[in-house]
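Reading through the structure tokens given below for one structure.
Every number here is computed from the coordinates shown, using simple stated rules; none is lab data. Quantities reported herein were computed from a predicted structural model and do not represent experimental measurements. Here the Cβ positions follow ideal geometry from the backbone for every residue, glycine too, while neighbour counts run over all protein chains shown.
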Amino acid sequence: MSRPATTILFLSTARLARVDVASDGRVLASSVRARDEDSLRASVQVLLQAGGKPGKRTRIVAETLWTQVLSLPNASVDGLGAEELGRALAYELEPSSGLPAADAAVGHVALAQTDGALRHVWATQVSLGERDELARLVVSHGSRLDWLAHPAGLLAPEPGPRIEVWSNATLCDEPARGVQVIAAAAGRRTWEREVAAWLLRAPQAPVQLRASAELAELLASDTRVTRDPSLESEETLVAALANLAAAQDSPRFPRIEAARRARLSFGPALFGLAATAMIVGLSVWDLRTLERDARDLEAQVARVEAAAAKAQGLRREQRELSTALAQREPDLAARRSRIERAETLLAAQSERSSRLLEALGAHANPEIVLLELATQPGGATRIAGLAARAPAIEAFATALAPDMTTLGLLCEPASVQRRTGVDSGEAREFSLVVRPVTTAELAQRTSPR
Amino acid sequence: MSLSVRERWMIAAAVPFVVLAFHVSVLREPLDQRLATAEATLATRGPVTDFGPVREVEALRARVAALEAGDADVEQRKRKLLAAWSAPRERAQTIGRVTELLRVQGVRVERSGNVELESAPFDPALSQLTRDLAEFGGSAPAAWRFEARTTFLQLAGALEQLRALEAFALVVSLDLKRRRDGALDAVLVLWI
């Protein structure tokens with residue numbers, strides 16, 4: 001069996017029906033059953049699971065939808081597009097349906113009749129959540145939700161004055177005056193009054209009443225009203241639904257499209273995703289910036305701490321070096337001084353005797369005879385001799401003095417004595433003392449004058 | 001369960017705020033903590049202007065290097081000085097060499113022998129020399145007395161040669177006395 005083109009689901013308060021229709025209008029399958037489930041979703045689920053795979057498109061006719069005819073001033077609806085008009089109607093419907101305008105999906109159709117400055121619009125309403133849920137349910141069964149509608153006015157076998165009573169709405173229709181929908185629970189006093197008012201204005205012609213026998217009793221006083229029980233027949237209901245499933249023309253009843261619902265349902269998700277993505281992006285950027293700043297700052301801290309540690313190390317080294325130098329430098333100076341003193345003494349002493357003899361030899365003259373040379377306590381050397389005459393002694397001492405100075409010795413003035421004896425003539429005995437220069441004398445010599 | 005459009009919008013608006021709150025309270029918190037810690041450390045440290053006494057330390061290091069060099073120089077000079085100082089076991093050989101040198105120069109050694117170190121009248125500064133050398137690790141010298149007959153020129157030549165002797169022989173005392181025949185009686189005391 002080929003797949004149906006359209007599946008139409010009918011949900012009244014008491015019955016459920018499903019009709020699968022081929023593209024040429026043939027009924028491929030149908031079923032009618034009593035309604036056991038209260039919720040619209042559960043009932044739709046039952047119908048979708050009851051037959052085979054539903055058609056490519058699914059239409060739902062549900063009695064529990066809110067439907068109403070509204071009369072609006074021309075001025076307020078002129079120039080409005082279908083979508084804007086739908087939003088305006090949602091606000092108008094909110095007090096009576098109790099469904100918040102922001103959460104309402106509205107299908108509407110303008111009625112032909114006018115009433116001066118008022119325009120009449122027939123609207124059907126369902127919550128966006130329920131509509132989307134039904135759409136997802138239909139999609140989960142491999143079909144696509146085409147539209148949702150209230151059954152009022154959809155299943156009429158032929159045009160003519162008629163009253164259709166549904167659980168929450170009653171449709172009153174006659175070709176001359178058009179459609180009126182009484183949005184009141186059937187059987188209430190308000191409902192009864194408004195139906196009676198409509199009947200008063202209705203022409204004197206038979207009026208078909210589709211209602212339960214109990215409700216029909218309430219209107220039995222009007223002789224024009226005849227109860228039409230045809231829709232209670234399964235064949236009639238299936239035929240009416242098949243016609244509705246095959247209908248391609250522009251709607252003469254309000255229907256709630258599914259396509260708009262799907263588009264709207266993506267809005268919050270897209271917004272949420274975009275905003276979250278933006279926040280995540282900003283978060284990543286912020287974290288990276290903070291991480292970089294923290295790294296830079298920590299590197300700066302490390303440099304500062306390293307510099308401080310280095311400075312501390314330098315100060316410690318300075319203390320240690322200063323202490324070590326304070327101990328070692330005087331010690332080195334003392335050792336160096338002792339070494340230099342030893343070297344100087346050794347050098348001086350090693351050459352003193354030979355240089356002394358060398359100097360004595362160099363300055364010897366025929367008028368001087370050296371008799372004795374004696375080392376005295378304290379390192380002095382006494383030089384004794386004879387001179388032919390006194391000036392020769394002076395000359396000898398004067399000549400000797402510079403050489404002694406270079407040896408670190410001092411030549412003290414000579415003591416001279418006339419030689420006693422018969423043959424001594426002018427001869428003089430003399431003695432010179434050559435002694436080491438004292439430290440005080442050395443300092444006196446080197447001090448600035 | 002189906003959500004209304006209003007509820008969806010509320011959730012869509014709430015999710016970014018939740019993410020933002022997570023960012024601020026969980027992700028950002030440790031980084032903020034790190035930044036605060038680093039800033040506090042820097043504030044405590046203050047700007048680093050004192051990098052330590054670099055120049056002073058460099059000058060001190062130079063002084064230490066000079067000290068080491070001076071120390072090495074002193075040690076080298078000390079070793080050299082001590083090397084010139086005869087060890088006790090070398091003294092007999094040095095005495096022999098001095099005696100031979102005197103003989104070669106014509107100085108006739110009549111007597112020689114060991115004497116007390118302090119017996120000869122010498123420059124007191126030499127006492128300091130012995131103390132210094134002892135402190136450097138050298139041994140105390142021995143005093144050796146030579147009595148000889150010579151001439152002035154022979155003795156001068158001998159003393160000159162003695163200076164060039166490659167052994168420690170230091171003349172600390174020299175006494176000469178001319179004899180009637182013109183020769184000289186010489187008394188030499190050497191530290192060996």
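When the Gaussian network model of chain A links Cα atoms closer than 10 Å, the mean-square fluctuations of A:GLU291, A:GLU235, A:GLU372 top out at A:GLU372. For segment A:1-70, trypsin sites (Lys or Arg not before Pro) meeting the loop criterion (DSSP other than H, G, I, E, B) and having at most 13 other Cβ atoms within 10 Å: A:ARG26.
Remark: spin-label model distance A:GLU83-B:THR37 equals 5.5 nm, labels positioned 7 Å along the Cα→Cβ axis. Spin-label pair A:ARG189-B:ALA125: with each label point 7 Å from Cα along the Cα-Cβ axis, the two points sit 15.1 nm from one another. Report the normalised scattering of chain B as log10 I(q)/I(0) at q = 0.12, 0.16 Å⁻¹, calculated by the Debye formula with identical scatterers on the alpha carbons. The Cα Debye sum returns log10 ratios of -0.79, -1.05. With each run of n ≥ 4 DSSP H residues scored as -39500 (n - 2.57), what mean residue ellipticity at 222 nm is computed for the protein assembly as shown after dividing by its residue count and rounding to the nearest 500 deg cm²/dmol? Mean residue ellipticity, 222 nm, calculated: -16500 deg cm²/dmol.
Where does each of A:ASP78, A:ASP296 land when they are ranked from fewest to most other beta-carbon atoms within 10 angstrom?
Details: A:ASP78 9, A:ASP296 12.
Going from least to most buried by this count: A:ASP78, A:ASP296.
Mean-square fluctuations from a GNM of chain A, with a 10 angstrom spring cutoff on Cα atoms, peak among A:GLU317, A:GLU37, A:GLU164 at A:GLU317. Can you tell me the FRET efficiency between A:ARG201 and A:ALA269 if r is taken as the Cβ-Cβ distance and R0 is 51 Å, rounded to the nearest 0.05? Plugging the Cβ-Cβ distance into 1/(1 + (r/R0)^6) gives 0.55. For a modelled paramagnetic label at A:GLN49, 7 Å from Cα along Cα-to-Cβ, the residues of segment A:139-170 in reach, with backbone nitrogen under 17 Å, are A:139-143. Segment A:270-310 and segment B:122-161 have Cα centres separated by 87 Å. Label sites at A:ARG3 and A:ALA176, each approximated as a point 7 angstrom past Cα along Cα to Cβ, lie 5.1 nm apart.
Highest GNM mean-square fluctuation among A:LEU70, A:LEU85, A:LEU346, for chain A modelled with Cα contacts below 10 Å: A:LEU346.
Stretched out straight at 0.36 nm per residue, the stretch from A:SER230 to A:ARG316 would grow longer than its current Cα-Cα span by 19.6 nm. If R0 is 35 Å, the Cβ-Cβ spacing of B:PHE17 and B:ARG45 corresponds to a FRET efficiency of close to 0.30.
The dipole here belongs to the protein assembly as shown: it is taken about the Cα centre, uses +1 on the Cβ of Lys and Arg and -1 on the Cβ of Asp and Glu, and is about 1600 debye. At an R0 of 35 angstrom, the distance between the Cβ atoms of B:THR151 and A:GLU340 translates into a FRET efficiency of 0.40.
Counting only Cβ charges, +1 for Lys and Arg and -1 for Asp and Glu, the dipole size of segment A:285-388 around its Cα centre is about 180 debye.
Can you tell me the relative contact order of segment A:118-234? Whole percent, Cα pairs under 8 Å, sequence separation 6 or more. List each step's numbers first, then the result.
On the way: 130 pairs, mean separation 19.9, N = 117.
Computed value for segment A:118-234: 17 percent relative contact order.
Provide A:GLU174, A:GLU340 in ascending order of the number of other Cβ atoms located within 10 Å of each residue's Cβ, fewest first.
On the way: A:GLU174 19, A:GLU340 12.
Placing the least packed residue first, the sequence is A:GLU340, A:GLU174.
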